[in-house]
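Input: a single structure, listed below in structure tokens.
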Amino acid sequence: MKHEQNHTTPMRYGMAIDLDKCTGCGACMTACMAENNVPFKEDESDKLVSITWMRIFELNNGKAFPDTDICYLPRPCQHCEGHGGHSPCVSVCPATATDYSQETGIVSQIYTRCFGCRYCMGACPYHARYFNWWDPVWPDGMEKYLSPNVSVRMRGVVEKCSFCFHRYQLAKNQVYLDGERKVPEADYQTACTQACPAGAIVFGDLNNPEHQVHQIVKPDSENGNKSRNPRAFRLLERLGTNTKVYYLSNREWVRRAGDNYLAHEKTGQVSKPHH
Amino acid sequence: MDTALIPKGVKRCPMWQFLLGLGIVGAVLLWGVYAMLLCWFKGLNQTNMNDYYGFALWIWADLAVIALGGGAFFSGLLRYIIGKDELKHIINYAVLIGFICYSSALLILAIDIGQPLRGWFIFWHANVHSMLTEVAFCLSCYFAVLTIEYIPLILENRQLDKVPFFHNLSHNMHEIMAVFAATGAFLSFFHQGSLGGVAGVLFGRPFAFREGLLIWPWTFFLFTWSAAAYGPCFTLLITWITEKVTRKKLVKDNVIELLAKISGWMIFTYTIAKICDTTRWANITAPGLGQNLADFYTGNAFYGYWILFAEIVLGGVVPAIILISAGLRKHPTWRVVAFFLGVMGVSLNRWVMVLQVMAVPILPFDTWALYYPSWQEVATTLLPVAYGIILIMISYRYLPIFPQEAELNPIEEETSTAVEAHTKSAPDLEPAKA
Amino acid sequence: MKVDRRSFLSFVIGGAAGTALSPLPWKLMDDSSIWSQMWPWTPVPPDGEVVYEDSTCTLCPGGCGISVRKVDHRAVKIEGKKGHPVNDGGICILGLSGLQLLYGPTRIKSPMKRIGERGQGKWQKISWDEAMAILTEKLSDIRNKGEAHTVAAIAGTEGGTVPALLQRFMTAYGSPNFIRTPSHQDADELAVKTLFGASGRTGFDLENADYILSFGSGIVDGWGSPVRMFRASSLWKEKNVTVVQVEPRLSNSAAKATRWIPVNPGTEADLALGIAAVMIAQNMVDPGAVAGAGGWENQLLANYGTKKVSQVTGVDAGVILELAKGFAKANRPLALCGRGKGLVAESLRETAAVYALNALTGNINQEGGMWAIPEADYIRWPDVASDELASAGLAQPRLDGAGTGRYAGARHLLNRLADAVNGGGPYPLQALLVAGANPCYDLPDTRSVRMALERIPFIVSFSSFNDETAAMADLLLPDHVYLERYGDVPVGAGLAQQVIGLSKPVVSPQFNTRHLGETLIVAARTMGGATADAFPWDNYETCLEETLAEKWDALIEEGIWVEADIAPVADTVRLAVTDAPAVQAEGDVNSFPLLLIPYDSIRLSSGYIGDPPFMIKTVSGTVVKGKDGFIEINPQTASATGLSEGSVATLTTPRGEARVRVHLFEGIQPGVVAMARGLGHTAYDGYLAGKGVNVNELIGPVEDPSSGHDAAWGIRAKLAKA
Ligand SMILES: Nc1nc2c(c(=O)[nH]1)N[C@H]1C(S)=C(S)[C@@H](COP(=O)(O)OP(=O)(O)OC[C@H]3O[C@@H](n4cnc5c(=O)[nH]c(N)nc54)[C@H](O)[C@@H]3O)O[C@H]1N2
Ligand SMILES: Nc1nc2c(c(=O)[nH]1)N[C@H]1C(S)=C(S)[C@@H](COP(=O)(O)OP(=O)(O)OC[C@H]3O[C@@H](n4cnc5c(=O)[nH]c(N)nc54)[C@H](O)[C@@H]3O)O[C@H]1N2
Ligand code: SF4
Ligand code: SF4
Ligand code: SF4
Ligand code: SF4
Ligand code: SF4
């Protein structure tokens, strides 16, 4: 086996989520909880203290019956790149417990490093970060299903979607054993992508023209990675968070709901990164 | 009973009264300690904070207390660096209040973090990009400075001073106090600023985000300026309260008025800067991010335009005018009204920069999140207040905090020995010398 | 002692350095980080060898293939099986939560007998031998008295060997009372029999259709085989297939559709017939598949004029014309029915109307069309040789009346059981066996169902879980859960193919439970005589292997057996004039001005399986908050009652009353309120019990005049500020 240190393009893992396909079924949320040892409590109806790395928002077009329309928007961590890896949360963490990987574009969260100051939560405009307000407790016997691939988080630390980073590590190990250089598209897929019964989520390397996600998004690196696909938009794009989760919809009201617009601004036209 | 410990030439209330007072405040303290232990042992689920309110009452208290404690560094700066010599008559109290504020701030932080045992990670795994890292370093260093500034005052206790080692230690510390004052002012400039930066750098939150200079958002400078402006207000307000409680005049009016005037001009300039900042933010920054002022002040049950008015006009323009105009400033009632409004104004500013930041929806399809603190949060927030009162009570009773007290309150019924004692004790009451 | 500046500085610096150089602070710091991540109550999942084991999910009728990841012999994750003809790698929220059922606190961990009062929850663990002795002695007693017919069995489904064994047990024992849980399947079977003149079920070639007209079917809310439906929905998006959803409420399915047609609740059949009338009037029908339609057509033209239909349904006349044209002109149009997940049977009038629409387009047994196919018939056991006691019992009428008289069209009428037991039946029940069903929660008018169960002296539950019916039982004989056992899973659920999946034990049984098939074989053998003779197998596995015969090897190998080429039961639809009236909602308009309709959500399991913790966690805060359940209501209706978002109200129907909270929703017709199914459990565990309201407590059964099936689609209601 020969392993060369190659200077290949860094990867930028990301997602394209088709909101016209998404049914709001919640399989992605649950797949994530099952994959990542996400704890639960007896009462999870207060969504402000309910850990869901993948959360589904319900959007509506604000119109009265019978012109009402709703749309579900699944929200994993957006793995913001910001400006050169200064994602909103990474730059604020005082203990370097969360980091932007220049190799994969994944924003990590190191639970054993986090001391629970929650500054990152305040910084994340997507509310993608969750605090362990309680000790994680599984009913007797249920801890049997916990996966050893993802560490169980202790009380008092922040957690969030990792793009199922452990799956990347497993795939990378396999690639290494096989003497390959790059992780094939199919070998690293997140648990939510895999589970989605509607096939609404496409995951892969945004930098790799062979990956489906690149072909859908067609990111414009000259223009802050804005998508060239007219159906696509990112959440709060104009804040300059430079996220790697793209959303697709044919409906203008949905695309417009992705960002804050002044009344006179046209959908998609003002999404120039702010700084 | 404890007369031997009480500074010479001054009178203190009887012991029973002192203990009763301690007991009452101590009960509040114990309640706070109980709540603190609950938070440590059961976790932050004891609070009403949530994933939208990662920062809440405590962080507000923290920021407010640090802003109000700014009287210490700014008075020190005026006294030791700028050379406003009259301020030596109030600097002890400013340092004590500063010490209380900063120790409280650190205690609050220790309760606020989810993993208190890992608190030191902030130093060990420091991330230089984080404003909190800057806060942590400067805050701890400045607390050390305040401790160093406070120690000689303790050593001036009548009994401790008799020990030659302490006497000399205190003397030596006094000699280098200007160095510490300068260091303190420098450190304060940064941590006050980085506390402002904490909110200002949040480019994901248009309500908080500000452009700025180099790596610092405008809030960095505004926070430093406001702490310098309002800190003395707080020192003066506490001094006034202390005078009311002890029913004694403790600091001469010329000292009070000097500090009040400086504070007034500082508040005036700060308020102008704040108005400029608000105008720019409301007209350029926020609309550039797709949001209008109305998005921040309407559509919820609490945060209305009133808060903007209360902060800038009631807490800024009004006290500035009162303190700048000689006539109003010399009027005791107007002066105290200004102190009060100033303290309210800066506290409200910190509230807005912590709590309202968390409340405003950012995602267009999200809603306002309002929050009210749990009793545990209230108790742990009152804990430092109680602790501060106790520390002031003890310090006032046993330490020569107010150099002018004996002069302003001669002990009339005493005989000639008392007069002798008075003259003899005068040097003891001299404040720290540069 | 004189301290000069130098000694002062040495003192300070020396002290600091001394402390720092001692091991103490470093040791304490290091320890603190270890303590803080190694609290003994934070579990550390053991690592081990990773293997994947394939099986079939049985948590709903969907029949998805699953692949279970195991580490160190523990099942850690359920994933969809790639390449499986039903779900091809996809999986639903319930399937994903399966391990919480396997390892969860709601399992019944051993056979138990009741020691306290009924429903008090006091149980004593007993051995399987003792449990079987109690069961067989009791049953033998009843049988020996010649009263075998006074024993009934309720099963969740009829498909597969296990329900077949239960049915066989009842036959050999001598009771006609094997009753299946109601569902849209009842209506479907009846409609196929009526229209095609043969027994069978429908199958829909959804993937090849190019225009979908759904009368309330929860295409992405759990109808049919849910994962297949999700996939079809996305496929339609890709192919720009028009999907029209007819429904009073903007369900997720309506939101996914190309077009949502709000319709007055309960008037779906009128709209279907109105569309058919337009097609006939405008000569847009393909007469190939229709026989004897003349009279029917005339009746339609006379009674379902567009204007009248528009009035009844609330759908614009223009829209009706558009729908008729769009549907008729499409190349491969397909109409669907069965509200929501299809948990309730619809009236024959409604089902037949929708199937007639399909027939009028000529899509019967065509690509992209509706198929009428036979049920899988691989279970070919010899007939039971009844002894005298059995024959006597079997000669008695069924307690629910199904199959005779005015209920001749129905095979199972569980909705009539409560009435029968509460005094309306031909004889009292002495014993009830319940398997894979939870009638105390699932049936309409749950209160009267509970009252009925209280009258039955001996109730046996084979449930794996602490469900509401198990809580009413006298004897618990817990079954394995699907991940611990073998089982054949014939998939109906709207598939146009014949598919059989195999469930395999992925882990060994976690508790002292026993396969229901095994329990039945042992029980029959213990009973002896003719009953024993009907069960010649050594054990369940032998029975399964012998039954599946040549399919067994393929199933063990592939996990699935598919027969794509199946002969339809018939090719012609016979349309006949009927005079069946529409099924009305119970209650009078004056005292109950509103309509309450239940709705289905894929995030709420609404059958025998209760929502596991993962699922209930995904339920929105506007559906359940704390203990409170919500109703959806149009803001217009709400403000008329003085209600605003989140306010507490009392919802009253002719059957009951509940405290609810209000969620304002523009996607629901004014005058209608909707409540989610699947909440308001009183049993299971703390993660599920006590949350929200069980809508079945507020709705009573309404009999379809053509069959006796419960065809209730809602009930009249009133709302008052609490
Ligand atoms: N106090 C104490 N310290 C310990 C130990 C102990 O028992 N006690 N154990 C020691 C041992 S044995 C080990 S292996 C380590 C493990 O300690 P760490 O590695 O520090 O912590 P883990 O939770 O194991 O790390 C998993 C997390 O790392 C993040 N992560 C994964 N990949 C990356 C990446 O590429 N970049 C970044 N920045 N983050 C990534 C992911 O978010 C993942 O959730 O701790 C060591 N330190
Ligand atoms: N939830 C969760 N699980 C994890 C991890 C996580 O972060 N979170 N991290 C994973 C990682 S990276 C690691 S390395 C493992 C660590 O997991 P383990 O390897 O299980 O590590 P320890 O818990 O330190 O246990 C080591 C055991 O060895 C014993 N021991 C100590 N010294 C000696 C000795 O000299 N001889 C012998 N024979 N025994 C000795 C100790 O008493 C202890 O029982 O945990 C893994 N599992
Ligand atoms: S699993 Fe897919 S369809 Fe379901 S909510 Fe998630 S993204 Fe949407
Ligand atoms: S979505 Fe939030 S948590 Fe994720 S990278 Fe962006 S700022 Fe950080
Ligand atoms: S909570 Fe943890 S991850 Fe977030 S900023 Fe603080 S230390 Fe960093
Ligand atoms: S990518 Fe992985 S961690 Fe992130 S939401 Fe999906 S399943 Fe969860
Ligand atoms: S759809 Fe039904 S069969 Fe398929 S995974 Fe979900 S519960 Fe299981």
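The values are calculated or read from the model by the stated rules, or taken from the named source; none is laboratory data. Quick caveat: nothing in here was measured; it's all calculated off a predicted structure. Note: ideal-geometry Cβ built from the backbone for every residue, glycine included; neighbour counts use all protein chains shown. Just the protein is used for accessible areas: all its heavy atoms, side chains included, with ligands, DNA and RNA removed. Shrake-Rupley method; radii C 1.70, N 1.55, O 1.52, S 1.80 Å.
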**Message:** Against the condition assigned to a helix (DSSP H, G or I), in contact (Cβ under 8 Å) with a residue 40 or more places away in the chain and of a type in the set (Phe, Trp, Tyr), how does residue B:302 come out, does it pass?
**Reply:** no
**Message:** Let me confirm something: among B:169, B:117, B:155, B:87, which residue is farther than 30 Å from residue A:90 by Cα, surrounded by 19 or more Cβ atoms within 10 Å (Cβ to Cβ) and within 10 Å of another protein chain (Cβ to nearest Cβ)?
**Reply:** B:169
**Message:** Condition check: away from ligand 7 (no atom under 16 Å from the Cβ) and touching a Lys or Arg at 6+ places or on another chain (Cβ under 6 Å). Does residue A:77 satisfy that?
**Reply:** yes
**Request:** Determine whether segment C:224-233 contains at least one residue that is touching a Cys at 6+ places or on another chain (Cβ under 9 Å), within 10 Å of another protein chain (Cβ to nearest Cβ) and surrounded by fewer than 24 Cβ atoms within 10 Å (Cβ to Cβ).
**Result:** no
**Fill in**
Matching residues in segment C:451-485 (in contact with a helix residue (DSSP H, G or I) (Cβ under 7 Å, 6 or more places away or on another chain), surrounded by fewer than 22 Cβ atoms within 10 Å (Cβ to Cβ) and of a type in the set (D, E, K, R)) number 1
**Set A:158, A:150, A:183, A:175: member being of a type in the set (A, V, I, L, M), within 14 Å of chain B (Cβ to nearest Cβ) and more than 16 Å from ligand 7 (Cβ to nearest atom)** = A:158
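Going through segment A:105-132 one residue at a time, which ones are in contact with a His (Cβ under 7 Å, 6 or more places away or on another chain) and more than 7 Å from chain B (Cβ to nearest Cβ)?
Selection gives A:105, A:106, A:107.
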**Request:** Give the residue that is modelled with the lowest pLDDT, with candidates limited to residues of segment C:292-318 that are crowded, with 17+ Cβ neighbours inside 10 Å and of a type in the set (A, V, I, L, M).
**Result:** C:293
**Prompt:** Of the conditions (1) within 26 Å of the chain's Cα centre (by Cα); (2) on the phi > 0 side of the Ramachandran plot; (3) within 14 Å of chain A (Cβ to nearest Cβ), residue C:72 fails just one. Which one is it?
**Reply:** (1)
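Which residues, taken from segment A:130-167, are within 16 Å of ligand 4 (Cβ to nearest atom) and basic (Lys, Arg)?
Passing the criteria: A:153, A:160.
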**Message:** Can you find a residue that is assigned to a strand (DSSP E or B), within 16 Å of ligand 3 (Cβ to nearest atom) and more than 19 Å from the chain's Cα centre (by Cα) anywhere in segment A:62-74?
**Reply:** yes
**Some residue of segment A:228-236 being under 21 Å from residue A:75 (Cβ atoms), away from chain B (no Cβ under 14 Å), charged (D, E, K, R) and in a loop (DSSP other than H, G, I, E, B)** = yes
**Message:** Looking for something within 11 Å of chain A (Cβ to nearest Cβ) and on the phi > 0 side of the Ramachandran plot - is there at least one such residue anywhere in segment C:633-640?
**Reply:** no
**Request:** Quickly run through segment A:44-58 and pick out the residues that are within 12 Å of chain B (Cβ to nearest Cβ) and of a type outside the set (Lys, Arg).
**Result:** A:46, A:48, A:49, A:50, A:51, A:52, A:53, A:56, A:57, A:58
**Complete:** Among helices (runs of 4 or more DSSP H) entirely within segment A:115-211, at least 2 residues that are crowded, with 24+ Cβ neighbours inside 10 Å and on the phi < 0 side of the Ramachandran plot occur in A:119-123, A:191-195
**Asked** Does segment C:539-561 hold any residues that are charged (D, E, K, R), open to solvent by 50 Å² or more (accessible area, probe 1.4 Å) and in contact (Cβ under 8 Å) with a residue 12 or more places away in the chain, and which are they?
**Response** C:541
**Complete:** Of the residues in segment A:232-259 that are closer than 17 Å to residue A:68 by Cα and of a type in the set (Lys, Arg), the one that is nearest to ligand 1 (Cβ to nearest atom) is A:255
**Asked** Looking at A:122, A:156, A:105, A:85, which is the one that is away from ligand 2 (no atom under 16 Å from the Cβ), more than 30 Å from residue C:666 (Cβ to Cβ) and in contact (Cβ under 8 Å) with a residue 40 or more places away in the chain?
**Response** A:105
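Among the residues that make up segment C:583-597, is at least one of them without any contact (Cβ under 8 Å) to a residue 12 or more places away in the chain, over 25 Å from the mean Cα position of the chain (by Cα) and farther than 30 Å from residue C:190 by Cβ?
So the first thing to find is which residues in segment C:583-597 are without any contact (Cβ under 8 Å) to a residue 12 or more places away in the chain, and the list is C:590.
Now drop any that are not over 25 Å from the mean Cα position of the chain (by Cα), which leaves C:590.
Next cut, farther than 30 Å from residue C:190 by Cβ only: C:590.
Yes; the residues of segment C:583-597 include at least one that is without any contact (Cβ under 8 Å) to a residue 12 or more places away in the chain, over 25 Å from the mean Cα position of the chain (by Cα) and farther than 30 Å from residue C:190 by Cβ.
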**Fill in**
Subset of segment C:44-65, residues surrounded by 22 or more Cβ atoms within 10 Å (Cβ to Cβ) and within 11 Å of another protein chain (Cβ to nearest Cβ), comes to C:62, C:64
**Complete:** Of the candidates B:163, B:135, B:128, the one satisfying the condition of being at the interface with chain C (Cβ under 10 Å from one of its Cβ atoms) and of a type in the set (A, V, I, L, M) is B:163
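So is residue A:10 away from chain B (no Cβ under 14 Å), surrounded by fewer than 22 Cβ atoms within 10 Å (Cβ to Cβ) and in contact with a Ser or Thr (Cβ under 9 Å, 6 or more places away or on another chain) or not?
In short, yes.
Do you know which residues across segment C:658-670 are farther than 11 Å from residue C:719 by Cβ and open to solvent by 10 Å² or more (accessible area, probe 1.4 Å)?
Narrowing segment C:658-670 to residues farther than 11 Å from residue C:719 by Cβ: C:659, C:661, C:663-670.
Passing the criteria: C:659, C:661, C:663, C:664, C:665, C:666, C:669, C:670.
Report yes if residue B:27 is at pLDDT below 90, part of a helix (DSSP H, G or I) and either aromatic (Phe, Trp, Tyr) or open to solvent by 20 Å² or more (accessible area, probe 1.4 Å) (or both), otherwise no.
Taking the combined requirement at face value, the residue does not satisfy it.
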**Request:** Would you confirm whether any residue within segment C:101-116 is of a type in the set (Lys, Arg) and closer than 25 Å to residue A:154 by Cα?
**Result:** no
**Request:** Could you list, in sequence order, all residues of segment C:692-709 that are charged (D, E, K, R) and surrounded by 24 or more Cβ atoms within 10 Å (Cβ to Cβ)?
**Result:** C:704
**Message:** Looking only at helices (runs of 4 or more DSSP H) that lie completely in segment B:73-160, which have at least 3 residues being touching a Ser or Thr at 6+ places or on another chain (Cβ under 6 Å)?
**Reply:** B:91-112, B:131-155
**Asked** What number of residues within segment A:90-113 are within 10 Å of ligand 5 (Cβ to nearest atom) and open to solvent by less than 10 Å² (accessible area, probe 1.4 Å)?
**Response** 5
**Fill in**
Per the list (1) among the hydroxyl-bearing types (Ser, Thr, Tyr); (2) open to solvent by 50 Å² or more (accessible area, probe 1.4 Å); (3) within 12 Å of chain A (Cβ to nearest Cβ), residue check on residue B:183 breaks on (3)
